[in-house]
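See below for the structure under consideration.
The values are calculated or read from the model by the stated rules, or taken from the named source; none is laboratory data. Quick caveat: nothing in here was measured; it's all calculated off a predicted structure. Methodologically, a virtual Cβ is constructed for each residue, glycine included, from the backbone with ideal geometry; neighbour enumeration extends over all protein chains shown.
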Amino acid sequence: MAHVFIVNQNTFKVHLEYMFAGTGASDVSTDFIFDPSVTVHTQNEKRSVGMMVDLARIRKGDKIIFFVTGIAKFYGVFEAISDFFVDPNDADNYLFNELQKKLTYRVLIKPYKVFQNGINEYDYLDSLNGLNHPYELCWSLIYRKLGGNRGCTMITDAEYALFLKRISKGNHILKSKNFTFDKENKTIKATSIEKIYSAKRKLDVTPNLYSNLLKKYMSKKAFEHYIQFITVMTLKSSNYTKILNNKKEITWIGNEVMCSFGEHRIDVIAIQEDENSVDISLIELKDERVSTGIIKQIEGYLVWLKDYILPFYLSKNKKVNVYPIIISDGVFNAKQFVKDRLQNTEKIIADKNWSNYNAPNVKFNSTKILHFKEENSKLVIE
């Protein structure tokens with residue numbers, strides 16, 4: 001799968017020379033990650049954790065594209081070679097003098113197919129040249145441009161294929177290990193100068209975030225953004241079948257997937273594709289007990305999925321299974337009448353029949369509900 005990082009001309013040059021991709025919020029301290037007693041404004045914490053989830057979904061081998069603001073061009077393609085890490089937002093933030101910006105959440109990259117010239121925004125996002133249907137447009141980035149504010153956005157496999165098709169036209173692939181950005185000509189340039197990314201301050205904060213999540217849960221504070229982190233990390237691990245319905249390889253993971261001009265977002269989507277079929281799991285997260293109001297919410301997501309995502313796979317003559325999944329709070333220690341009430345609510349949700357959306361080669365399955373709970377000083381999904 002592929003991810004697009006938003007950079008400017010100066011930061012893009014540094015990214016190329018040191019072979020990394022990063023994002024961050026210079027105005028938000030990272031101290032809360034390492035010390036749960038440190039408090040930050042709720043929205044700032046949510047924003048920071050959200051950016052970490054954006055990078056946590058990146059797996060080694062995923063493709064990286066850069067969008068350069070100011071000149072509104074896309075450049076690529078690079079490949080992720082590390083898991084995400086944190087460089088604390090402090091006076092020692094690595095490469096701050098060169099970047100003139102603190103980028104706290106990062107991943108290392110290497111060249112894949114590095115095209116010399118970028119492709120402008122119109123040619124990738126707006127042009128209908130060679131397209132026959134609305135779903136063929138790059139909606140992930142169109143939605144982001146209208147209402148998103150994220151430094152790293154995933155795109156679908158179809159959108160990545162469109163990018164490759166359009167950027168390769170009349171373009172030249174550079175054969176080198178080292179690159180820089182020519183600001184005058186707005187091109188990527190091969191160079192013989194090798195700059196090594198420092199091995200220091202590449203911090204794995206996964207244990208810290210799990211600890212913060214448990215603290216939020218035990219103190220009954222909002223923590224849906226942390227649940228998104230644990231969900232993405234579970235999907236990336238060998239335990240992904242705790243959430244998904246089969247053991248097929250996960251080929252695509254998306255979080256905060258924008259699915260309308262009204263900025264509606266699906267918490268997490270996981271796609272498992274093989275030669276003959278594709279399973280799409282739409283995962284809705286709640287840091288509280290579920291209510292029947294979620295049925296209408298899921299239905300809206302399924303309609304969008306049917307119109308904008310499924311046609312790509314059906315055009316490849318694949319059978320499609322769609323699985324709505326909810327991960328929410330349970331009632332493991334509640335009184336019996338509370339358990340009975342929740343059980344009844346969940347039965348109504350699980351019994352909702354989505355077969356009216358079925359079509360040739362498409363099956364919409366019933367909703368599966370999972371819960372998280374504290375176990376051995378850790379919050380787990382079961």
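The criterion of being of a type in the set (F, W, Y), under 18 Å from the mean Cα position of the chain (by Cα) and either surrounded by fewer than 19 Cβ atoms within 10 Å (Cβ to Cβ) or over 19 Å from V49 (Cβ atoms) (or both) does not hold for Y226.
When A350 is tested against (1) farther than 30 Å from M51 by Cβ; (2) at pLDDT 95 or above; (3) touching a Gly at 6+ places or on another chain (Cβ under 9 Å), only condition (3) is not met. Note on segment 241-258: residues that are in a strand (DSSP E or B) and charged (D, E, K, R) amount to 1. Among the candidates F5, F34, F74, F20, the residue that is among the aromatic types (F, W, Y) and within 15 Å of the chain's Cα centre (by Cα) is uniquely F5. For segment 179-193, taking the residues that are among the polar types (S, T, N, Q) and closer than 15 Å to V68 by Cα, the one that is surrounded by the fewest Cβ atoms within 10 Å (Cβ to Cβ) is identified as N185. Scanning segment 334-361 for residues that are within 21 Å of Y323 (Cα to Cα) and in a loop (DSSP other than H, G, I, E, B) turns up K352, N353, W354, N358, P360, N361.
Return yes when A72 is surrounded by fewer than 19 Cβ atoms within 10 Å (Cβ to Cβ), in contact with a strand residue (DSSP E or B) (Cβ under 8 Å, 6 or more places away or on another chain), at pLDDT below 95 and not aromatic (F, W, Y) and no when it is not. Yes: the conditions hold for A72. Looking at A161, is it without any contact (Cβ under 8 Å) to a residue 12 or more places away in the chain, among the small types (G, A, S) and within 23 Å of G22 (Cα to Cα)? In short, no.
Listed here are the residues, each with its yes/no results for (1) assigned by TED's automatic domain parsing to the domain that holds L282; (2) over 22 Å from S219 (Cβ atoms); (3) surrounded by 15 or more Cβ atoms within 10 Å (Cβ to Cβ); (4) aliphatic (A, V, I, L, M).
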{"position": "R341", "(1), (2), (3), (4)": "yes, yes, no, no"}
{"position": "N344", "(1), (2), (3), (4)": "yes, yes, no, no"}
{"position": "I348", "(1), (2), (3), (4)": "yes, yes, no, yes"}
{"position": "S355", "(1), (2), (3), (4)": "yes, yes, no, no"}
{"position": "A359", "(1), (2), (3), (4)": "yes, yes, no, yes"}
{"position": "F364", "(1), (2), (3), (4)": "yes, yes, yes, no"}
{"position": "K368", "(1), (2), (3), (4)": "yes, yes, yes, no"}
{"position": "F372", "(1), (2), (3), (4)": "yes, no, yes, no"}
{"position": "N376", "(1), (2), (3), (4)": "yes, no, no, no"}
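A single entry from L108, L55, L103, L125 fulfils the requirement of being free of Cβ contacts under 8 Å to residues at least 40 places away in the same chain, under 23 Å from the mean Cα position of the chain (by Cα) and buried (at least 16 other Cβ atoms within 10 Å of the Cβ): L125. Residues of segment 200-214 being part of a helix (DSSP H, G or I), in contact (Cβ under 8 Å) with a residue 24 or more places away in the chain and closer than 23 Å to T104 by Cα, which ones? Listed by number, the residues that qualify are T206, N208, L209, Y210, S211, N212, L213. Taking G61 as the residue in question, decide whether it is at pLDDT 95 or above, within 25 Å of M258 (Cα to Cα), surrounded by fewer than 23 Cβ atoms within 10 Å (Cβ to Cβ) and not charged (D, E, K, R). So G61 fits the description; yes. Restricted to segment 308-331, and to residues there that are farther than 17 Å from L137 by Cβ and assigned to a loop (DSSP other than H, G, I, E, B), the residue that is modelled with the lowest pLDDT is V331.
Condition first: touching a residue at least 24 places away in the same chain (Cβ under 8 Å) and within 24 Å of Y226 (Cα to Cα). Can you find one or more residues in segment 311-324 that meet it? Yes, segment 311-324 has at least one match.
Every residue, every condition in (1) free of Cβ contacts under 8 Å to residues at least 40 places away in the same chain; (2) within 19 Å of R201 (Cα to Cα); (3) in a strand (DSSP E or B), yes or no:
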{"site": "N10", "(1), (2), (3)": "no, no, no"}
{"site": "V14", "(1), (2), (3)": "no, yes, no"}
{"site": "E17", "(1), (2), (3)": "no, yes, no"}
{"site": "A21", "(1), (2), (3)": "no, yes, yes"}
{"site": "V28", "(1), (2), (3)": "no, yes, no"}
{"site": "P36", "(1), (2), (3)": "no, no, no"}
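Restricting attention to segment 123-144, does a residue exist that is more than 19 Å from P311 (Cβ to Cβ), at pLDDT 90 or above, assigned to a helix (DSSP H, G or I) and touching a strand residue (DSSP E or B) at 6+ places or on another chain (Cβ under 9 Å)? Checked against the condition, which is being more than 19 Å from P311 (Cβ to Cβ), at pLDDT 90 or above, assigned to a helix (DSSP H, G or I) and touching a strand residue (DSSP E or B) at 6+ places or on another chain (Cβ under 9 Å), segment 123-144 yields no hits at all. Among the residues of segment 4-17, those that are more than 15 Å from T104 (Cα to Cα) and crowded, with 21+ Cβ neighbours inside 10 Å comprise V4, F12, K13, L16.
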